[in-house]
Amino acid sequence: MKLNYVVVLLSHLLVAGLSPSFVHAKQQSDYPGYDRFDVRAAHRSMPLAASVWYPADTFIYRAPVGGNVIWKGTDAYIGAAIAPGRHPLILLSHGSGGNMDGLGWLSSQLALRGAIVVALNHPGTTSGDSSPRRTPFVGERAEDISATLDQILSNPAFAPYIDPRNIAAIGFSLGGTTVLSLSGVQFDQALYAQYCKRLGDAAQDCDFLRKGGVDVDHLPNDFAASKSDDRIKRIVAIEPGMGFAATQASLSNVSNAILFVGLGDEDRWAATDFGPSGSNLVARIKNASSAIFAPANHLTFLAECVPGAVELLKEEGSDPICSDPPGTDRGQIHQRIVTAIAEFLNLPGS
């Protein structure tokens, strides 16, 4: 029976593209636990893919998550038991063209500091399924998060380990826009159109929409939808997009504590600048604070790249997603961001 079990497990890992590393089943703290589940959302025609990272207790094997020819993977104990107790819950929203496991470097480190981190793929704006036409549907993205929260809190495998009074949301880029929406921020189509006309192609988000044939004068009503979720108490908005379209009335009513995270000084993207030279969101929300990390730029937040990735991307004519400003240590910037977020969220291991 034991031999059959190992053969079946190896077959499963090879099909999944994972390289197993067998370890003794005893409590460890060097890697987080990792699992996946589907989210059924009424506003979506198909289930959403979600992943969960958490403090691990006992486990069977370790494998890399999210790695490929460009990105370094993040090791985790796949399907491990969850460490006893009630843990803070963090919901994670990726940026345009990103995916739930691409930010595994962040999820894993927050899990090692005592949080359960639930990430998901947003249809229409995820890897391999990222369309300019679907990008302005900010309300749908916020609903994805709320639906995911509904299901993780009712999931018998995870709910007993969650502290329902300690729920936060983190989002990067378009994900930052999404989590701001969950705090009560509303976005206005006319304000966004004005911003795009004023900055033109210098605004990275407007340029992306233009290349997809999106008419910014006729954005969907969903762009301006109100999608606040009172269960979420703290927000971390990392380089959030569309800040120029936030209405002052909604910003004045935000009660959540919000941490804005920015990357770079002179290398700041116009689309995600929340400071005085940009949308100034951090000064327009009463419970907001900020942390800036440099040298860096918007893309520094993405996962670390494998050796040779920069050259490969150049050969293919792809975006410079692995290139940082001179003097940038992407891994070090990541660690500083993790520390700032963990302290802001008062995680047990911070």
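The numbers here are math on the coordinates, done by the rules we state, and not lab data. Because the structure is predicted, anything quoted here is derived from the model rather than measured. Quick reminder, even Gly has a Cβ in these numbers, built from the backbone with ideal geometry, and neighbours come from all protein chains shown.
Quick rundown of the values:
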item: Nitroxide proxy distance, nm - points 7 Å out along Cα→Cβ at residue 38 and residue 190; result: 4.4
item: Efficiency of FRET between residue 68 and residue 231 - r from beta-carbon atoms, R0 35 angstrom, step 0.05; result: 0.55
item: Distance between modelled label sites at residue 211 and residue 45, nm, 7 Å Cα→Cβ extension; result: 2.6
item: Above-threshold pairs, the threshold being 27 Å between Cα atoms, out of 211/233; 72/314; 211/314; result: 211/233
item: Span from the region 274-336 Cα centroid across to the region 135-200 one, whole angstrom; result: 21
item: DSSP bridge pairs, region 28-344: antiparallel proportion in percent, nearest 5; result: 40
item: Inter-probe distance in nm under a simple model that places probes 7 Å from Cα toward Cβ, at residue 30 and residue 58; result: 2.0
item: Most to least packed among 148-156, 181-189, 168-176, 55-63 [average Cβ atoms within 10 Å]; result: 168-176, 181-189, 55-63, 148-156
item: Answer label, with Cα Rg over 2.2 N^0.38 Å calculated from the coordinates and candidates (1) 1.05; (2) 1.21; (3) 0.98; result: (3)
item: Highest to lowest packing among 33-44, 251-262, scored as the average C-beta count within 10 Å; result: 251-262, 33-44
item: Helix-only CD estimate at 222 nm, as mean residue ellipticity for the chain, using -39500 (n - 2.57) per DSSP H run (n ≥ 4); result: -8500 deg cm²/dmol
item: Degrees separating the helix 138-154 axis from the principal Cα axis of the chain, which is the longest one; result: 30
item: Segment residue 310-residue 292, length gained on full extension (0.36 nm per residue, minus Cα span); result: 4.0 nm
item: Length-normalised contact order for region 28-344 - Cα pairs under 8 Å, 6+ apart - percent; result: 16
item: Pair-distance profile P(r), taking every C-alpha pair of region 161-234, with 10 angstrom steps and integer %; result: 18, 41, 26, 11, 4
item: Size of charge dipole - the chain - debye, nearest 20, with Cβ of Lys, Arg +1 and Asp, Glu -1, no other charges; result: 840
item: Stretch gain in nm, segment residue 127-residue 253, where the contour uses 0.36 nm per residue and the Cα spacing is subtracted; result: 42.0 nm
item: Cleavage-rule hits (trypsin sites (Lys or Arg not before Pro)) in region 65-172: DSSP loop, at most 14 neighbouring Cβ within 10 angstrom; result: 86, 133
